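Some notes on the structure that comes next.
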Amino acid sequence: MFDFNKSSINGIEISELHNNSLLNFLTQVNQKTGELKENVQEASYSDFDFSIEKGIFINIQGSFHKYHNKGLHNYNDFSILDFCRVLCDLHNKFNLNPFLCNLHNIEFGVNVELPFDTNDLLNAIISYKGKEYEKRMYNGKGLLLRFSFQNYELKIYNKGLQYGEHTKNKNILRVEIKVKKMEYLHSRNINIHSFADLLNFTEINKLPTLLLTSFNELLIYDKTINTKELNKPNREILLNGRNPKYWTEIKKVSKEKFKHKRQRFRKLVFKYGKNNLQTSVYELIKNKLYKMLNIEPENEQIIHSFLKQFSGKTYPEITAFPSEPQNTNLPQSTTQCSKIERGILITEIKRFCKTCGRDITHQKKGSKFCSEKLYGPEVKKCRNIVSNPWNNYRRKEMKLYSGGGLLFDISTMKIPMYANKKQTIIV
């Protein structure tokens, strides 16, 4: 299911990567100016790009699927067990802890073999949620449709033609969602943050619904419809509805009108069309997703065993192992680490987020919680867990004493919730 990702890596020393014989880090050149990017070093291995920024931050990006296939292609099936093997290989070769690989982008989707020409379906797609597609060609034949939004993209294309003669079946349809911001998943109650979460069946079992719902939201025409046999109102809505711009414009005018017209268009296509492409492909996608996620008990045990070896090496808010409680062993704040600054070896005290235990040694001195700039808006909860009780109490207090509705002056009788924000005194 999973393909391209962009992630930041914790729990590994920079020197480990520099000393790894599989990676050859080079200072990169700015393609526009020709200048060296002195703060960035990059290395590649099997379609995975490792980068070290400012000698502190480790990032990786690449296709899990291509990594599994030695960087060659991603047109075949890629199961959850295959994905687990990739994470195992990344751990064995680069000491990556899947719980400490924080996702910033992820692509997930499915390949299905169609019993007809894939381009017939692609050419029949009109719009998605009233948005016109962005279209491009590859290999002179392959057609890719992209619907881009702020937090995600929906991509539909002919995967068989992407690799030409290498695929036995040219009619392979790829339906894929590219998550540009993890908020897209989090706002839908899908708690995926790390590589390890992509092996949590409680969460990944929610992904097929997103794919199926997105495919069902597509507006697809059926060219077998003979519009001449229809009455004028029905003929007009079908003829107008074949134009993507019609739906874009009507949605700008009225969302309610857009919904009504779209529903009517769908009913007419279903009633008078003979191919019924959307329904048949929807069933193929659903069956394929079910097959991919219906893992055998022995394989589930392999995944469980792989994740269990990292017990005690991660943070409490990261996804727990199946049927086990979350690990609560926080790193000790007295741990020391070494870094090199201007050629001088410096020993410093490691610092950890007071809420979740994440290593924040590299953040600004004095930081107490995870940085939203580094880890995204979801880490606001680290700060809010501490600040919200205090702020809520103060708001209630201010509302009470500024309302003017009290019979007596009780300002002298106020007992603080916290005598000092650094000391918790329960009243």
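Some observations on this one:
- Residue satisfying all of: in the stretch 144-155; among the aliphatic types (A, V, I, L, M) and modelled with pLDDT under 95; farthest from GLY130 (Cα to Cα) among these: LEU144
- Sole exception among (1) surrounded by 17 or more Cβ atoms within 10 Å (Cβ to Cβ); (2) out of contact with any Leu (no Cβ under 8 Å at 6 or more places or on another chain); (3) more than 20 Å from GLY11 (Cα to Cα); (4) modelled with pLDDT of 85 or more for ASN59, by number: (3)
- Test: residue in the stretch 89-106 that is within 28 Å of VAL281 (Cα to Cα), assigned to a strand (DSSP E or B) and touching a residue at least 40 places away in the same chain (Cβ under 8 Å): yes
Quick grid of which residues meet (1) outside any loop (DSSP other than H, G, I, E, B); (2) within 30 Å of GLU372 (Cβ to Cβ); (3) in contact with an Asp or Glu (Cβ under 8 Å, 6 or more places away or on another chain):
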{"residue": "ILE190", "(1), (2), (3)": "no, yes, yes"}
{"residue": "LEU198", "(1), (2), (3)": "yes, yes, no"}
{"residue": "GLU203", "(1), (2), (3)": "yes, yes, yes"}
{"residue": "SER214", "(1), (2), (3)": "yes, yes, no"}
{"residue": "LYS267", "(1), (2), (3)": "yes, no, no"}
{"residue": "PHE270", "(1), (2), (3)": "yes, no, no"}
{"residue": "TYR282", "(1), (2), (3)": "yes, no, no"}
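- Qualifying residue in the stretch 191-205 (condition: within 30 Å of PHE265 (Cβ to Cβ), in the same structural domain as HIS65 (by TED's automatic domain parsing) and at pLDDT below 95): no
- Of SER51, SER15, SER21, all but one fail to be polar (S, T, N, Q) and either touching a Lys or Arg at 6+ places or on another chain (Cβ under 9 Å) or in a strand (DSSP E or B) (or both); the exception is SER51.
- One residue from THR334, THR314, THR319 being modelled with pLDDT of 50 or more and either hydroxyl-bearing (Ser, Thr, Tyr) or within 24 Å of the chain's Cα centre (by Cα) (or both): THR314
- Restricting the stretch 112-143 to residues that are assigned to a loop (DSSP other than H, G, I, E, B) and either hydroxyl-bearing (Ser, Thr, Tyr) or in contact with a Gly (Cβ under 7 Å, 6 or more places away or on another chain) (or both), the residue that is modelled with the highest pLDDT: TYR133
- Exactly one residue out of TYR67, TYR75, TYR45 is surrounded by 14 or more Cβ atoms within 10 Å (Cβ to Cβ), among the aromatic types (Phe, Trp, Tyr), closer than 30 Å to VAL112 by Cβ and modelled with pLDDT of 90 or more, and it is TYR67.
- Of the listed requirements (1) surrounded by fewer than 21 Cβ atoms within 10 Å (Cβ to Cβ); (2) under 30 Å from LEU161 (Cα atoms), VAL40 misses just one: (2).
- Filter pass, LYS255 being of a type in the set (D, E, K, R) and surrounded by 16 or more Cβ atoms within 10 Å (Cβ to Cβ): no
- Lone qualifier among ASN123, ASN95 - being of a type outside the set (Gly, Ala, Ser) and closer than 26 Å to LEU239 by Cβ: ASN123
The values are calculated or read from the model by the stated rules, or taken from the named source; none is laboratory data. Computed from a predicted structure; not experimentally measured. Cβ coordinates were reconstructed from backbone atoms using ideal geometry, including for glycine residues, and neighbour counts include every protein chain displayed.
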